[in-house]
1. Might you let me know whether the stretch 94-102 holds any residue that is of a type in the set (Ser, Thr, Tyr), surrounded by 13 or more Cβ atoms within 10 Å (Cβ to Cβ) and touching a Phe, Trp or Tyr at 6+ places or on another chain (Cβ under 9 Å)?
2. Of 129, 114, which residue is more than 24 Å from residue 150 (Cβ to Cβ) and acidic (Asp, Glu)?
3. Of the numbered conditions (1) touching a residue at least 40 places away in the same chain (Cβ under 8 Å); (2) in a loop (DSSP other than H, G, I, E, B), residue 19 satisfies every one except a single condition; which is it?
4. Looking at the stretch 85-193, what helices (runs of 4 or more DSSP H) fall wholly within it and have at least 2 residues that are free of Cβ contacts under 8 Å to residues at least 12 places away in the same chain and either among the small types (Gly, Ala, Ser) or under 24 Å from residue 69 (Cβ atoms) (or both)?
5. Quick one: which residue in 99, 143 is β-branched (Val, Ile, Thr) and more than 16 Å from the chain's Cα centre (by Cα)?
6. Can you confirm whether residue 135 is modelled with pLDDT of 95 or more, within 16 Å of the chain's Cα centre (by Cα) and hydrophobic (A, V, I, L, M, F, W, C)?
7. Considering only the stretch 31-45, how many residues are in a helix (DSSP H, G or I) and free of Cβ contacts under 8 Å to residues at least 40 places away in the same chain?
8. It is to be established whether one or more residues within the stretch 57-80 are within 30 Å of residue 154 (Cβ to Cβ) and of a type in the set (Asp, Glu).
Amino acid sequence: MAYLWFKSFHIIGFVVWFAGLFYLVRLFIYHVEATAQPEPAQGILKQQYGIMEKRLYHIITMPGMIVTIAMALGILWTEPEVLKQGWLHAKLAFVAVLIGYHFYCGSLMKQLAENRCQWSSQKLRALNEAPTLLLLVIVLLAIFKDGLPTDLATVAVIASVLLMMVTINLYAKKRKRDQEKLQNPSAGELVGS
């Protein structure tokens, strides 16, 4: 019974953790893009995003990570033999990368608060896809365990990376076209309005 409780709260913890990580970097994107706004809007937006980032990181994302890890330790306590399985070693390696990503986001948050962040919104959009890939691999390992078809999993990860890259680039082109239209409306558009 303890295993089921630990597993339930482990799943709840990682859902909260990932939700926080997904939204946190999205806030970083808005924070960076606020720099293009004139004052006083720029200062107001950056201050508000900073508050939102800190609350999200400390009140949602960090507790989600702690619950996930604590419940994972509980699962290992109830089933210590799983520590001998190769899939778990691989999963733990990806979780270690995820924890590094989590703390790197905390570092980026501090850089943004101090106006030292060098990341563009485009690069942050790409960074925002990292937890998606980690989630994909971690869940596949947890479900398939040692039976994970690595050839299919590799194809799925590569296809996901390519799809994300294409989507980010298409979105960047669309945003650029939309901004150009706002700044330089064509004569035909002015006549029709």
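The values are calculated or read from the model by the stated rules, or taken from the named source; none is laboratory data. Note that this is a predicted model, so its numbers are computed, not measured. Here the Cβ positions follow ideal geometry from the backbone for every residue, glycine too, while neighbour counts run over all protein chains shown.
1. Applying the first criterion (of a type in the set (Ser, Thr, Tyr)) to the stretch 94-102 yields 101.
Pick out the ones that are also surrounded by 13 or more Cβ atoms within 10 Å (Cβ to Cβ) and you get 101.
Restricting the remaining residues to those that are touching a Phe, Trp or Tyr at 6+ places or on another chain (Cβ under 9 Å) gives none.
No: zero hits.
2. 114
3. (2)
4. 86-113, 130-144, 187-192
5. On the way: 99 fails: more than 16 Å from the chain's Cα centre (by Cα).
Going through 99, 143 in turn, just one is β-branched (Val, Ile, Thr) and more than 16 Å from the chain's Cα centre (by Cα): 143.
6. no
7. Of the stretch 31-45, the ones in a helix (DSSP H, G or I) are 31-36, 41-45.
Next, from what is left, pick out any that are free of Cβ contacts under 8 Å to residues at least 40 places away in the same chain: 34-36, 41-45.
Of the residues in that region, 8 qualify.
8. Within the stretch 57-80, one or more residues are within 30 Å of residue 154 (Cβ to Cβ) and of a type in the set (Asp, Glu).
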